[in-house]
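What follows is one structure encoded as structure tokens, with my remarks underneath.
The values are calculated or read from the model by the stated rules, or taken from the named source; none is laboratory data. Remember, predicted model here, so these are calculated numbers, not experimental data. Here the Cβ is made from the backbone with ideal geometry for all residues, glycine too, and neighbour counts use every protein chain on show. In case anyone asks, the SASA skips ligands and DNA or RNA and just uses the protein heavy atoms, side chains included. Shrake-Rupley method; radii C 1.70, N 1.55, O 1.52, S 1.80 Å.
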Amino acid sequence: MIKQKIKNFLRKLYRFLIFLLHFLIRNIALIYFNVLFKPKKIILPFFEKLTKNDYENLDATKRNIIKKANQILKNKFDILGLDHKLYPEKINWHKDFKTGYEWDKSFFKYLQPVSSIDDIRDKKIPWDLSRLQFLFVLYKAYLITEKKVYLDKIIYVINNWIDNNPPYIGINWMNAMEVGLRASNLTLILSYINPLISKKLIKKIQKSLLMHFCYIKLNLEKSRDKTLADLKGLDKKYLFRNNHYFFNLLGLFYISSFFDNNKIFKKERLKSIQAISDELNFQILKDGSNFEGSIGYHGFMLESLIQLIIFFDKRKIEVPYNIKITTKKMLNFTSNYTKPDSNFPIIGDFDSGYVFAISKTVENSHQHLIEIGSILFDKNYSSFKKVFFQEYIKWMFKSKCESYNDSIDLVSNSFLDSGTFIIRNEDDYLILSSSNAIKNGTGGHFHNDCFSFELYSKGTNYIIDPGCYLYSSKYWRNLFRSSKFHNAPVINNSECNKYDEDKLFYMPNDVKSELNTWLVDKEKVLFSGSHYGYFKDYSIKTTRDISYNYDSQWLICDIFDGNGIHNIDWFFHFPDIKIKILNNKSLIAFGKKSNLKMNFIVDTDDCKLIVKKSYISKGYGKKSISNLINFNSNFNLKNQNKLNIEIKVDNFN
């Protein structure tokens, strides 16, 4: 009892000291701003400066921009799939509109944003709204129509946000990544509207940006944790960080670039460039993949790097070699994992994040990054001849608005550092994750997807990863990252990585996956890998072999080295398409131009095959109905330790 009281007292004392530190730094910064700070006389646009004429041949794009801008005028925002009906008449920057929960306007360290398993309040809703990315949509509407109502809305929103979010008070000062992204968007919009607004407002924004800068410097998202390092088998001095820290640095760069006529910020700009370059060596693996096991976050970082390089080029800032070469490697990985329908597989977490709302893109596609990257580096990364994102290209390059007439042929490929294997030809595509990079960091954005795969063939996504859905609800968070929500065998209804359901952003490395075979030749592609996710509890080593013969046929062999009788489930997630169970060992799924037949080959009739409804999520906060195939059987591993699965896509009746 006494120990608990001492802990509570020390916790309160710590928060109070943090409170004093922040407000001491704030006051010092304000003195600096009022006495020594020199405002920048010339503020250059971030990217190209387009005019109304640049939209002449983009009629559909113009209509979409004006439609969105008109919704914003009514305080209806496209945030995380939120229904427009849920937004109030007046903007509330501190509220989760789904649940109605509103966070207190208290010092950020006193707030408790994490939910319980029965509470699905989501801090990402006020956070994403407060990124202020929608301001650029209003600017584009003003540019196209020359109607002052859109500019007035920008001015109103900026004033309203600053007035209702005093420094370090409230939910929108909880997280340095969010502060960095918001600051980046404030500098972006100010770079375009500064000739159109009053000096008073410019000064107000500059003062707010200074507060953003101080917050990020005081709250960089990196830390040491000896207990966690020991659990992950890492050095006790290991410095834990993830994409949040990268976006901390990005925010510092854009703010310091905005103020770089002041000596102190010129130095900070150089430091942040070097820090970003150094951080890429940690967060981006040698094969160009992201160390967090998330395709979504890979794209998030890639887009920010492409925009950063273009920002450098516009200002004739030398691009560090490491930033340039890493971005090229990331583009190569992106080109390879992009499916024939131009979408990406939602492997790992996906929060639908981006830095700037430059142009309308497809939420679960990185094709726009491939197109922009192809022009930036004068090398074609696209397997499509058509250019899909003309508006985006205009904002980045304007006069260099062309793409390649040819397209590249993508082939089967492996990315060993991340443990990503892609088996493909023109019509077929299979991507498999072996969770190899889970050994790095907290594993917080990984899912239990070791040897799970997605399969696309002849115009249809057949077997898919269900995605992520939510971070806030423990129930949904743990469900979507569970083994049964992926496409791999599950033994005795347990998890291949035994995660703690209360630690929503930690994933242990129980699987310790190994690559046995990777072979690509003219006749076939072979993959074989093993993992130990079920070894600790059941002394079972799990192996998955996949062979492909280039004719829309795959043979999967799952082998279980161990002893005893075990109940084993196979889960396969399909979109909401027609599926017919033929018997307890076979089914047909009906696609757009073809059908998929799946046969489970096992030497027993003690098995069952069912289809039931489940969920998939194509973007954060969004879920829809899907089909879940479940094959179940008891295995006596002494007599029977493997199952073959035949998959063939063709025109079946």
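Below are the figures for this structure:
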item: 16 Å cut-off, amide nitrogen to a point 7 angstrom out along Tyr475 Cα→Cβ, residues in the range 122-138; result: 122
item: Förster-model FRET efficiency, 22 Å R0, Asn281 and Lys222, C-beta, rounded to 0.05; result: 0.95
item: Point-to-point label distance, Asn567-Met1, nm (Cα→Cβ direction, 7 Å offset); result: 4.6
item: Rough spin-label spacing in nm, given labels placed 7 Å along Cα→Cβ, for Asn651 and Ile325; result: 5.1
item: Cβ-derived FRET efficiency at R0 35 Å, Arg63 paired with Asn262, nearest 0.05; result: 0.25
item: Degrees, to the nearest 10: 176-193 long Cα axis against longest axis of the chain; result: 50
item: Mean ellipticity per residue at 222 nm, deg cm²/dmol - from DSSP H runs of n ≥ 4 across the chain, formula -39500 (n - 2.57); result: -11500 deg cm²/dmol
item: Stretch gain in nm, segment Asp551-Glu318, where the contour uses 0.36 nm per residue and the Cα spacing is subtracted; result: 79.1 nm
item: Added length on full extension, which subtracts the Cα-Cα distance from 0.36 nm per residue, Lys237 to Leu73; result: 54.0 nm
item: Nearest-10 value in Å² for the accessible area of Asp278, using the 1.4 Å probe; result: 80
item: Two-decimal ratio, the range 206-279, of alpha-carbon radius of gyration to 2.2 N^0.38 Å; result: 1.30
item: Distance (nanometres) between label positions extended 7 Å along Cα→Cβ at His84 and Glu514; result: 5.7
item: Alpha-carbon centroid distance for the pair the range 132-191 / the range 508-585, whole angstrom; result: 48
item: Cβ-derived FRET efficiency at R0 35 Å, Phe535 paired with Asp502, nearest 0.05; result: 0.90
item: Charge tally in the Cβ shell below 13 Å around Ile169, where Lys, Arg are +1 and Asp, Glu are -1, Ile169 excluded; result: +1
item: The range 370-471: trypsin sites (Lys or Arg not before Pro) falling in loop per DSSP and having at most 15 other Cβ within 10 Å; result: Lys379, Lys385, Lys386
item: Within the range 1-96, GluC sites (Glu not before Pro) in DSSP loop having at most 11 other beta-carbon neighbours inside 10 Å; result: Glu56, Glu89
item: Cα Rg, Dmax (largest Cα-Cα span) when computed across the chain, Å; result: 25.9, 83
item: Hits among lysines - C-alpha to C-alpha of Lys203 under 17 Å, sequence gap 8 or more where chains match; result: Lys38, Lys40, Lys41
item: Neighbourhood charge, 13 Å Cβ-Cβ cut-off, centred on Asn492 and excluding it, Lys, Arg +1 and Asp, Glu -1; result: 0
item: Accessible area per residue, Å², the chain with all protein chains present, probe 1.4 Å; result: 43
item: Nearest-ten-degree value, helix 243-258 long axis tilted from longest Cα axis of the chain; result: 30
item: Environment charge at Ile565 (Cβ cut-off 14 Å; Lys +1, Arg +1, Asp -1, Glu -1); result: 0
item: On Cα atoms only, tilt of 367-376 relative to the major axis of the chain in degrees; result: 60
